[in-house]
Amino acid sequence: MEIRGATFLYTLAALMITFAGFSALLFVIRQAAGAKLSILDRFIVKNVMTYTFVLTGAALLPALFALYGVEETWIWRVSGVLFALPMLALQVTYPARRRQVVGELPPPVIYAVFVVLGSAATAAMLVYLLVGVQYGAAVYITALTVDFFTVIFGFVNALDIIMQQPTEGSQQ
């Protein structure tokens, strides 16, 4: 049984895994160029990988439930809960986790997009799916896509900050 949006979800999952690999590769290349991995570097790589794999799992969940013949309405509800709970936990605790590891809060723009927008999209999706109104597939996939792009936004902004750090061979 093919569910609505399956092709989009498979494509999104492939993009997410590609992004995770590319993100990690950038840090390896940076390290090969003479830069030492900072605490911020490690924190960012760990977070990008964690968020990306949660998102990838969420992209594959609906198809997995469909294989078991679960009714489509329930596919989106159950997938929504299983996606939203860990994602919201990651999103809401990000500032505290970053402060604990790095020693400072995220910049305001990261907080606004990565934390506020991301968690708002995830929470809205969860409420919408639990209320049980129409267009469950669209709401689920939209939240997943928005969360993926907030991760990309956070990574690109973090990369900008990290690239401004001096390498071993550069003058300080």
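All of the numbers you see were taken from the coordinates with simple rules; none came from a lab. The model shown is predicted, which means the values in this text are computed figures rather than measured ones. Note that each Cβ is placed from the backbone with ideal geometry, even for glycine, and that neighbours are counted across all protein chains shown.
Among the chymotrypsin sites (Phe, Trp or Tyr not before Pro) within segment 67-167, those in coil by DSSP and having at most 14 neighbouring Cβ atoms inside 10 Å are Y68, Y135. All C-alpha pair distances within segment 83-134, sorted into 10 Å bins from zero, spread as 26, 45, 21, 7, 1 percent across the bins. Dividing the summed -39500 (n - 2.57) terms of all DSSP H runs of n ≥ 4 by the residue count of the chain sets its mean residue ellipticity at 222 nm at -26500 deg cm²/dmol. Among the GluC sites (Glu not before Pro) found in segment 29-104, those both in a DSSP coil and sparsely packed, with 16 or fewer other Cβ atoms within 10 Å of their Cβ, are E71, E104. Expressed as a whole percent, the proportion of Cα-Cα pairs in segment 31-155 lying more than 19 Å apart is 50%. Using C-alpha pairs under 8 Å with a sequence gap of at least 6, the mean separation divided by the residue count of segment 87-152 gives a relative contact order of 32 percent.
In summary, the helical segments of the chain meeting the span-like criteria, namely a full DSSP H run, a Cα extent along the axis of 24 angstrom or more and a mean Kyte-Doolittle hydropathy of at least 0.5, are 6-32, 39-67, 136-163.
The loop-placed trypsin sites (Lys or Arg not before Pro) in segment 1-47, going by DSSP, that have at most 15 neighbouring Cβ atoms within 10 Å of their Cβ come out as K36. In percent, rounded to a whole number, the relative contact order of the chain is 29, using alpha-carbon pairs under 8 Å and six or more apart.
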